[in-house]
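First up is the structure itself, then whatever we jot down about it.
Any read-out appearing in this document is the output of simple, stated calculations on the displayed coordinates, not a laboratory observation. Everything numeric in this text was worked out from a predicted model, so none of it was measured. Here Cβ is always computed from backbone atoms with ideal geometry, including for glycine, and neighbour counts include all displayed protein chains.
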Amino acid sequence: MPKIIKTLIPAALCFLVAMLFTAEAAENGQGTPADKYAERGKQLVIEGNCDYCHTPSIETPDGPVPDMKRRLSGHPHDAEIPRLPDTEVGSGEWIEFLGTLDSTEWAGPWGLTFSKNITPDPETGIGKWTEEIFIATMRSGRHIDFKRDILTPMPWQDYRKLSDEDLKSIFAYLMTLPPVKNAVPKPVPLPGKKAGE
């Protein structure tokens, strides 16, 4: 038997076994490894309640509900930016102001921050990110696009404790979402402070 055929037979057998395994997994509803990552990521995104901060709301007769057409696209670029009260943080006026904010905007001693677009839009979301960038961002708390710390209230300190497998899963799921073009506004610092202080 020629040497080339002897070399090709094991490779062909490996290929056939892999194809049979993939077909069996699909038949059993197991899907590919990438599908498993995305499915796990979906579960983590739901359990982490990412929609609460990253999905804009729309008003309905029953009150505000997440706008799933803009799912995880962050604070709307065309929404009016509220003016921070010129009073001490924690004062009655400040507490009243907090009650006017929606779930994609947050205020505190750091100023006013807006939730990021985490859809795979390449211009305004995380579409140009790699799995490695996503994991490094969650581990370090440094925003790769803006070259600054991730601002409050994003609980990156909790996400950094997740395993690489879980972070890969979240990223895999986010990459399956429809991209939404939405350039989130820049943070607004308290007077006399820089963003993130």
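Just to confirm a number: summing +1 for Lys and Arg and -1 for Asp and Glu over residues other than P82 whose beta-carbon lies under 11 angstrom from that of P82, what do you get? It would help to have the intermediate numbers written out before the result.
Values: positive: R83; negative: E80, D102, E105.
Its environment carries a net charge of -2.
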ask   = Whose amide H sits under 5 Å from the amide H of H77, counting only residues 5 or more places off or on another chain, with H placed in the peptide plane?
value = A183
inquiry  = Apply the Karplus curve 6.51 cos²θ - 1.76 cosθ + 1.60, θ = phi - 60°, to the phi angles in segment 103-116 and return the couplings in whole Hz, x for Gly and Pro.
reply    = 6, 9, 10, 9, 9, x, x, 7, x, 10, 10, 10, 5, 7
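List, in the order given, every pair from K116/K161; K42/K147; K161/K186; K147/K181; K42/K181; K128/K168 whose Cα-Cα distance in the structure shown is over 18 Å. Each step should come with its number before you reach the end.
On the way: K116/K161 21 Å; K42/K147 28 Å; K161/K186 27 Å; K147/K181 21 Å; K42/K181 21 Å; K128/K168 15 Å.
Cα-Cα > 18 Å for K116/K161; K42/K147; K161/K186; K147/K181; K42/K181; rest within.
Within 14 Å, Cβ to Cβ, of S57, how many net charges do the neighbouring residues add up to if Lys/Arg are +1 and Asp/Glu are -1? Can you show the working numbers first?
Numbers: positive: K69, R70, R71; negative: D51, E59, D62, D67, D102, E105.
Neighbourhood net charge equals -3.
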